[in-house]
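As structure tokens, the structure follows; a few thoughts come after it.
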């Protein structure tokens, strides 16, 4: 074999290593062309049209984007939907109080009249997906500037979206794929009346707490149940007592048969964001700079919050959802950076870049087109990583202080007021109304925020040099001898923004109190911070991001040209996707192998009486002692709780249905293993596993524990 042949063989071998059968988040309308043969080879019994169709009822009609950032599935003819406990957590917390502590005790509506409406909770169902790349890029020529291209693309997208839903109740949006090489239109139906039906107590839904989060083995019943309501014509409507349960086009059958090692699995949902085609420069920045900084800052906030939450039920309830959100990505980023290091991700990316370069060097035309990609990426990232650090300090440090974050909303409102006074906008009243609806003080504790402010200012002073700070903030820091405690005491002793009564007086008569809040030290400092970042950091940061995006667009285009035998899947961007794999165990480290499922026995092994994370409710202990598992146990008498599979998932897949080969529900996706969180950037087939709640344990909790077995009468159970 000649030298060129050896190089090409090396590239092909490398690509085969990167693109494993279980990797990928695939657009459902393209399954027939790209994946269905492979899926059937791995065990699938469905056709592509049964998974996605715009002419007939298909599984897509039972897949719901829940609350904008999770997935749910329709499991009854009466609009009942199943999602994760952590996806419904904000709704559960919204309805909770010290007197009605649904977070601790759980909530179950024993009939439809007891189901509770949650404001601003939406459920969205995809109607159709269409490739509109040619329409979006119409009018763009080789001589167009980048600004002209952007203008044409935005105008074309606006026209496409408008035309797609003209005269219907539907909504539409167009999203770019492969960094703008492709564009797809999504037509959706969004329901605004979504009511909470049931949620287990946190001791079951969050069993293991933050200790077990992102870990395996897992034993928590991470589920909650809601119902979609529509008007009498089965169309979306604002909340009304006259609304009726939604009648879906498709309902997912639920299997009671279980699964075994090696069984086919399919996840259908709305994965949030992945970055599989990044360069080595990006991975190095994420792994060695950005993730470590964000983890460190979040850890300090969590430690402060945890102490205060343990000392007060009121603070615990107020901060429960906030704490869970902060902790979730804190641990995710920790696992991601560790997984990338273990996988030697930067070296693997560099190896691929060498192979890519060798391939284009053998073709003068491709060398001319793609030859400068890596040198340009290296140059851009040398500046971008400095700005990225500043942005991380802004979002994870300064704006982690609730008083600053709340004042930022007043800044937005103040800007809208000034535009209104100049006759430039009519958004002021809408912005004011949205601000009033937020209920900031419902989830706020001043002593906790004071501690967080001092801790974050301490980190900011240590980590950000004087010449990279807003001038007013830096002057304030210097005047107080870099003493974060002294600065914090002054701010919180002289501000109205952390006093509920005073803040609401300002808000309710916003125009009258303009001078009062503009002179407020928290407003003054926050305004200086926002202005500095908006003028001195974000513009260049966003410019560099656009540069990187254009280079990535070219890089992906080059990969597609060079490696025509590879099936490329687009990065996740919160649009509907299918992932498939198999029920599978894994080996996290030398000498350790994890089984692919857990049981109720494991809950009792972890049980620690009165522990915040590992307590077990008395009724569940009684059911365990009696082995009263009903129809939900295995043939060996064990009640399985969760299992692992090799489906490629990410944030947004929380709540996604996990199907067997026949398209029956066997579980609800709720997490990934800690070692596999790196899959947002690089998929390691030996380590990346999604974690799934066994649907039989869900049904057991609903029926035997909660006594809400009437809900099962709505479901299609397959024995």
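Relative to the current alpha-carbon distance between residue 621 and residue 441, full extension at 0.36 nm per residue lengthens the span by 61.0 nm. Given a Förster distance of 60 angstrom, what is the FRET efficiency for residue 114 paired with residue 363, based on the Cβ-Cβ distance and rounded to 0.05? Plugging the Cβ-Cβ distance into 1/(1 + (r/R0)^6) gives 0.30. Spin-label pair residue 518-residue 601: with each label point 7 Å from Cα along the Cα-Cβ axis, the two points sit 7.1 nm from one another. Here the extension length gained between residue 550 and residue 501 equals 12.7 nm, from 0.36 nm per residue of separation less the Cα-Cα distance. Distance between the pseudo-spin-label points of residue 34 and residue 719 (7 Å out from Cα toward the beta carbon): 4.1 nm. Labels on offer are [x] -0.32, -1.27; [y] -0.26, -1.13; [z] -0.25, -1.02, and the one holding log10 I(q)/I(0) by the Debye sum over Cα atoms at q = 0.05, 0.10 Å⁻¹ computed from this structure is [y].
The helix-based estimate of mean residue ellipticity at 222 nm for the chain, built from -39,500 (n - 2.57) per DSSP H run of four or more residues and divided by its residue count, is -13500 deg cm²/dmol to the nearest 500. Maximal additional length on extending the residue 154-residue 536 stretch stands at 134.9 nm, based on 0.36 nm per residue less the C-alpha distance. Each peptide among 80-88, 430-438, 661-669, 46-54 gets the average number of other Cβ atoms lying within 10 Å of its residues, and from highest to lowest they stand as 80-88, 661-669, 46-54, 430-438.
The modelled label-to-label distance between residue 511 and residue 427, using points 7 Å beyond Cα along the C-beta direction, is 1.9 nm.
When only alpha carbons are used to place a centre, the stretch 618-647 and the stretch 454-488 end up 54 Å from one another. Each principal axis of the Cα cloud of the stretch 280-560 was taken in turn, and the coordinate range along them, longest first, works out to 71, 50, 37 Å. Distance from the alpha carbon centroid of the stretch 133-164 to that of the stretch 34-56 works out to 33 angstrom. One Cα centroid belongs to the stretch 356-433, the other to the stretch 249-291; the line between them spans 26 Å.
Under 20 Å from a label point set 7 Å out along the Cα-to-Cβ vector of residue 299, the amide N atoms of the stretch 665-708 belong to 674-678. With R₀ set to 41 Å, the beta-carbon distance separating residue 379 from residue 564 gives a calculated FRET efficiency near 0.85. Label zone (residue 592, point 7 Å along Cα-to-C-beta; backbone nitrogen cut-off 20 Å) within the stretch 214-242: 214-220.
Rule-based calculations on the coordinates, nothing more; no lab input. The shown structure was predicted, so the numbers you read here are calculated from the model rather than taken from an experiment. Glycine gets a Cβ as well: all are built from the backbone with ideal geometry, and neighbour counts include every protein chain shown.
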